[in-house]
Every structure is written in C-alpha cells, then in structure tokens.
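The values are calculated or read from the model by the stated rules, or taken from the named source; none is laboratory data. Bear in mind the structure is a predicted one, so any value in this text is a computation, not a measurement. Cβ atoms come from the backbone with ideal geometry, glycine included; neighbour counts cover every protein chain shown. Please note that ligands, DNA and RNA were not included when accessible areas were found on the heavy atoms of the full protein model with its side chains. Shrake-Rupley method; radii C 1.70, N 1.55, O 1.52, S 1.80 Å.
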Amino acid sequence: MRKTGTVPIFLLIFLVWLALAGSALAQGRIHPDPARPRPGFKPHQLSFETPQDGVARDEFRSAPFYAVILKTAAPCSVKENERAEIQALFPSNKVFSPLTSCDQDPEDTIFYTNVNPKVGFIAVYAGDSLEQAQQFLAVVKQTGRFPGANLRRMQAVLGYP
C-alpha cells in the first residue's frame with residue numbers, strides 16, 4: 001500500500017538536490033580576449049566569469065580550456081614586462097602566468113589546474129576544443145621563439161580567502 005504524500009516529498013528533495021548539484025558544478029566562461037578582461041582580474045590572470053551570488057565557497061573554477069605552455073620558470077620569477085612582450089605576439093589570445101603565493105601580491109588568488117604548483121610558467125589561451133588548440137599551437141611554433149611549447153588542458157581557479 002502506498003502512502004499518500006510520500007512521492008511528492010521525494011520529488012521535492014530530488015529537485016532541490018538537482019538544483020544544488022547544478023550550481024555546485026557551474027563553471028565560469030573564459031574571457032580570452034586580452035583587450036576585454038572581466039573586471040577585478042589582473043593583467044597576468046586569465047579572466048573568467050565568477051559568481052556574484054554571495055554564496056560562501058572555497059573556490060570557483062572556470063570552464064575547462066586549452067593553453068599552450070610557452071615556457072616554464074622558477075615560481076614567482078615571471079615579470080610583467082616579459083608577459084606583456086609575449087602578449088604583443090598574440091593580441092587575440094590572453095597570455096597569463098600564475099603569481100599565487102608570491103611575495104609581491106599575497107592576495108593573488110588565481111591558480112591553474114593540471115600544472116605543477118612548484119613551477120612557474122607563461123602560457124597563452126589556445127581555445128576550448130582540442131582542434132582549436134592544435135591549430136593555435138602550430139601558430140606558436142611558427143614564431144620559432146618557444147621550442148618547448150606544449151598543450152595543456154586546464155582550468156583557472158579562483159581561491160577565496
């Protein structure tokens with residue numbers, strides 16, 4: 001015998017769970033145009049849409065994307081003038097580098113997945129799809145300036161203090 005009212009309660013619980021799971025899995029769309037960054041992002045950061053809902057969270061991730069790792073370096077050693085010089089080579093694709101936990105800006109809270117956090121790097125946004133990324137990697141290699149350039153699938157992560 002079925003109890004009345006049981007099914008609607010389970011349905012309600014399921015719908016609430018589905019809504020919460022959907023928001024937990026939300027990812028910010030990348031803004032790869034260096035001329036049009038999202039407000040609040042610094043010149044060395046790849047900007048992406050972040051939540052404005054006031055909900056407390058540990059971190060928020062961008063949508064996955066491909067980047068070309070142009071060069072690796074010691075942590076915190078990439079200087080803005082070097083990044084800007086490279087940016088001039090790729091005016092439509094954001095050139096970025098992590099400065100998380102660097103002394104010059106202890107509040108820099110953007111980091112990137114699928115990289116060794118003990119190694120610094122300079123990278124350039126290469127697209128959302130593998131096909132776009134491979135085409136862009138070919139453009140990078142044609143410059144002859146980055147012989148070790150390689151593709152990496154990653155996400156940008158905003159860590160909340």
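Structural remarks
- Of the peptides 117-128, 52-63, the ranking by mean beta-carbon count within 10 Å, highest at the top, reads 117-128, 52-63.
- Inter-probe distance in nm under a simple model that places probes 7 Å from Cα toward Cβ, at Q134 and E59: 2.9 nm
- Estimated at the nearest 10 Å², the accessible area of I110 is 10 Å² with a 1.4 Å probe.
- Overall form of segment 118-161 per C-alpha gyration tensor (a/c, 1.5; a/b vs b/c): oblate
- Listed residues H31, H44 arranged by accessible area, highest first, probe 1.4 Å: H31, H44
- Percentage of interatomic Cα-Cα distances in segment 62-142 larger than 18 Å: 42 percent
- Backbone N atoms of segment 124-161 closer than 20 Å to the 7 Å Cα→Cβ label point of A26 belong to residues 155-161.
- Most positive-pole-ward Cα, T100, A73, Q134, against dipole of segment 40-161 from beta carbon charges: Q134
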